[in-house]
1. Being closer than 30 Å to D84 by Cβ, surrounded by fewer than 15 Cβ atoms within 10 Å (Cβ to Cβ) and more than 19 Å from the chain's Cα centre (by Cα): is that true of N198 here?
2. So Y89 clears everything in (1) open to solvent by 10 Å² or more (accessible area, probe 1.4 Å); (2) within 20 Å of W308 (Cβ to Cβ) except one condition, right? Which one?
3. Does segment 201-214 hold any residues that are open to solvent by 30 Å² or more (accessible area, probe 1.4 Å) and over 21 Å from Q232 (Cα atoms), and which are they?
4. Can you name the residue in segment 30-52 that is closer than 17 Å to A96 by Cβ and either part of a loop (DSSP other than H, G, I, E, B) or of a type in the set (K, R) (or both) and, of all such residues, is modelled with the lowest pLDDT?
5. Would you please list the contacts, defined by Cβ atoms under 9 Å and residues six or more apart or on different chains, that run from a residue in segment 146-161 that is closer than 14 Å to R201 by Cβ to a residue that is surrounded by fewer than 15 Cβ atoms within 10 Å (Cβ to Cβ) and among the β-branched types (V, I, T)?
6. For residues that are outside any loop (DSSP other than H, G, I, E, B) and without any contact (Cβ under 8 Å) to a residue 24 or more places away in the chain, scanning just segment 77-102, find the one that is nearest to E136 (Cα to Cα).
7. Which of (1) under 23 Å from N298 (Cα atoms); (2) surrounded by fewer than 19 Cβ atoms within 10 Å (Cβ to Cβ) does D73 not meet, given it meets every other one?
8. Which strands (runs of 3 or more DSSP E) sit wholly inside segment 162-274 and have at least 2 residues that are in contact with a Lys or Arg (Cβ under 6 Å, 6 or more places away or on another chain)?
Amino acid sequence: MQRRYNPAHLILASVVALVLTLLMVCVDAQAQIAFASNREGNWEIYVMDVNGGNQQNLTNNPFEDRNPSWSLDGKRIAFESDRDGRVNYEIHVMDADGQNQHRLTDNPGDDRQPSWSPDGKRIAFESDRDGRFNYEIYVMDADGGNQQNLTNSPDADRFPSWSPGGKYIVFSARRPRHFENKFEITYEIYVMDADGGNQQRLTKNRKNDWYPSWSPDGKRIAFASDGKGDLQNFEIYVMDADGQNQHRLTIHRGDDGAPSWTPDGKRIVFHSNREADIENYEIYAMDTDGGNVQNLTNNPRGDISPAWYGPGLAVALTGKKFTMWGGVKQVDR
């Protein structure tokens, strides 16, 4: 006698199998924070547990390594470095344990601030390679190929960050403009399509707005803004993805910068020199309303540019495809 199969049961079994597969893939993965530190005399890339424990140096070389960015699968870290006896920075990549370090870019200008796309196929970064003494936003394949200038502006464009869906890139731009009948030149937060099109300004004030970072659900952007447009006393702000509802999360005389969201969107890590001299930055974490601030690194040297990685354990069905973004549902802006 031939057994009949209920299609609903087959669908349920497929979903269960997919979830179990994802859990098996991620079972060995641990949430970690990558950051740069000069505690050993020069800037190196470190990783630590999310509570600040188990801090380890990954790069171990006599040159400067900064600004780490995780690939979505947590297997690789992109970073900037002036190694190889060069006077300029290039984008490098390594395995998450520090192995297989190699250079992706090779030109006389500075290539800095890498940001990995959500699909792991591309890396956005800033570069002043065009010889005009200003940075532009570039994108390249994850192996360093197909490098393209996205912004093509005569003024500085810096600090790129991808939207969770990979359709947009938010960045900071210093473009001359009129503000309240006066001519101003400060950094503002802009957003553009991933191919460089449709560039739009999100912030409109006399302050310098740096380090934009998209929330995992795509609804908000965290950034740092200075008090008087003088590149001093930066504070962490958050706003809606369209630039509305801007409000400050930190209030301190020190500099708070480089915000990075936790994968569940409930916390923000950042660097700050609030507790000591101007050179002693530490990595902090806080709730997204600015509360529950914790110092994670606690050492007498500088720790900067945190980047949080969390295993992708949550899967959402958007109606078109399965997508993952850290530990929460991915929502395209």
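1. Details: closer than 30 Å to D84 by Cβ: no; surrounded by fewer than 15 Cβ atoms within 10 Å (Cβ to Cβ): yes; more than 19 Å from the chain's Cα centre (by Cα): yes.
Judged against the criteria, N198 is not a match.
2. Only one criterion in (1) open to solvent by 10 Å² or more (accessible area, probe 1.4 Å); (2) within 20 Å of W308 (Cβ to Cβ) is unmet by Y89, namely (2).
3. Correct list: R201 only.
4. It comes out as Q30.
5. Hits for this filter: D155/I185.
6. Let us first name the residues in segment 77-102 that are outside any loop (DSSP other than H, G, I, E, B), namely 77-81, 90-95, 102.
Next, only the ones that are without any contact (Cβ under 8 Å) to a residue 24 or more places away in the chain stay: 81, 90, 95, 102.
Working: S81: 18, E90: 14, D95: 27, H102: 23 Å.
In this case the residue turns out to be E90.
7. (1)
8. Details: elements: 168-174, 177-179, 182-184, 187-193, 209-214, 220-225, 235-240, 256-261, 267-272.
Of the strands (runs of 3 or more DSSP E) lying wholly inside segment 162-274, those with at least 2 residues that are in contact with a Lys or Arg (Cβ under 6 Å, 6 or more places away or on another chain) span 168-174, 187-193, 235-240.
The values are calculated or read from the model by the stated rules, or taken from the named source; none is laboratory data. In this text, all values refer to a predicted model and were calculated from it rather than measured experimentally. Every residue, glycine among them, receives a Cβ derived from its backbone with ideal geometry; neighbour counts consider all protein chains shown. Heavy atoms of the whole protein, side chains included, go into the accessibility calculation; ligands, DNA and RNA do not. Shrake-Rupley method; radii C 1.70, N 1.55, O 1.52, S 1.80 Å.
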